[in-house]
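All remarks here apply to the structure that follows.
The values are calculated or read from the model by the stated rules, or taken from the named source; none is laboratory data. Because the structure is a prediction, the values reported are computed rather than measured. Cβ: placed from backbone, ideal geometry, glycine included. Neighbour counts: every protein chain shown. In case anyone asks, the SASA skips ligands and DNA or RNA and just uses the protein heavy atoms, side chains included. Shrake-Rupley method; radii C 1.70, N 1.55, O 1.52, S 1.80 Å.
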Amino acid sequence: MSMNLEQFFPHARPWVENLANVFPGKQVKPQFAFWEVGHILSLILLGGTTILMNLRLLGVGLTQEPPSEIYRNLRFWQNVGVIGIVFTGVLIGSANAERLYDSAAFIVKMLALLSGVILTYGVSRPVAAAEGAVGAMQKVWFAVGGAVFLFGLWFFVVSDLVNVGVYHIITAAALIVLFATKGRLRLIYLGVLIALIVAQTVNTHILIKPDDYDHLNPVNKTWTAVFTAWIGGAALFQIFRAGRGAEGGPLTKFIAYATILVWVMGAAAGRWIAFA
């Protein structure tokens, strides 16, 4: 499947094509790289501070401080990151509107941005401020933001050419689970991950020829499903095995995982806009 904004708004193409010739796109285009760097830095700032805060809700990272203290120290920079992403995004989008109009990855990025804002501001920040306690409104916003996240993830998976970007999300999830697990479970988890990666490398580089797509495609799909299932299973085991700790219960950890991964999805989609 390949879907983009043109399929939803086909009559908007002349307007989209002209955006680079009028303010602010016309002024931004000669300095496009400068504004794109600002966009990337804003995403790093927001994503990095959000990841630190949500790792604390998982019980790892800056554990010497309570979640509320981490939140208070990072909230200003999260606000700066959101403002920077929106401001620079509008500018570079106006200078590069036609590419975005034709890109399925751009739809994924917008869904990730919407879900990320909901999960960060409506859920994880209030939860961190409350030391991991999840109130009724946070549950509602988590349901809304989580639904948008899952829709964006589904759209990413089924979109032709850009769907390989999903491996960024899978890799991020694998690393988060590695950080969150402890003791013997971490060693078992890592050992199986390594075994799966080695098996896939042998299959796709030695046993099967690189151009034998009839055999490569089902092997790749099966491996991706098994790899993802192992990561998800380990995450669930870790979440429910830990029970309710100082940072909150299983729902708090689900919120933390989702909020981290939604920003990874946004970054991955942004990367694949250029390759669509």
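What to note about this one:
- Theoretical FRET efficiency, 1/(1+(r/R0)^6), r = Cβ-Cβ of Thr224 and Arg271, R0 22 Å, to 0.05: 0.75
- Of the DSSP H helices in the chain, those whose Cα atoms cover at least 24 Å axially and whose Kyte score averages 0.5 or more: 32-57, 67-95, 136-158, 183-202, 250-273
- Note on the chain: helix-only mean residue ellipticity at 222 nm, from DSSP H runs of 4+ residues weighted -39500 (n - 2.57) and normalised by residue number, equals -24500 deg cm²/dmol.
- Counting heavy atoms of the protein chains alone, Phe76 has an accessible area of about 120 Å² for a 1.4 Å probe.
- Each Lys and Arg contributes +1 and each Asp and Glu -1, all at the Cβ; summed about the Cα centre of region 77-225, the dipole is approximately 620 debye.
- Volume of the Cα convex hull of region 115-211, divided per residue and given in Å³: 117 Å³
- Heavy-atom accessible surface of region 1-145: percent carbon and sulfur, 1.4 Å: 69 percent
- Residues of the chain: accessible area per residue with a 1.4 Å probe, Å²: 52 Å²
- When the P(r) of the chain is calculated, the portion above 31 Å amounts to 34% of the C-alpha pairs.
- If the segment from Val80 to Leu196 were pulled out straight at 0.36 nm per residue, it would be longer than the present Cα-Cα gap by 37.8 nm.
- Dipole of region 26-124, positive end: most advanced residue of Leu113, Val80, Gly48 [Cβ charges, Cα centre]: Val80
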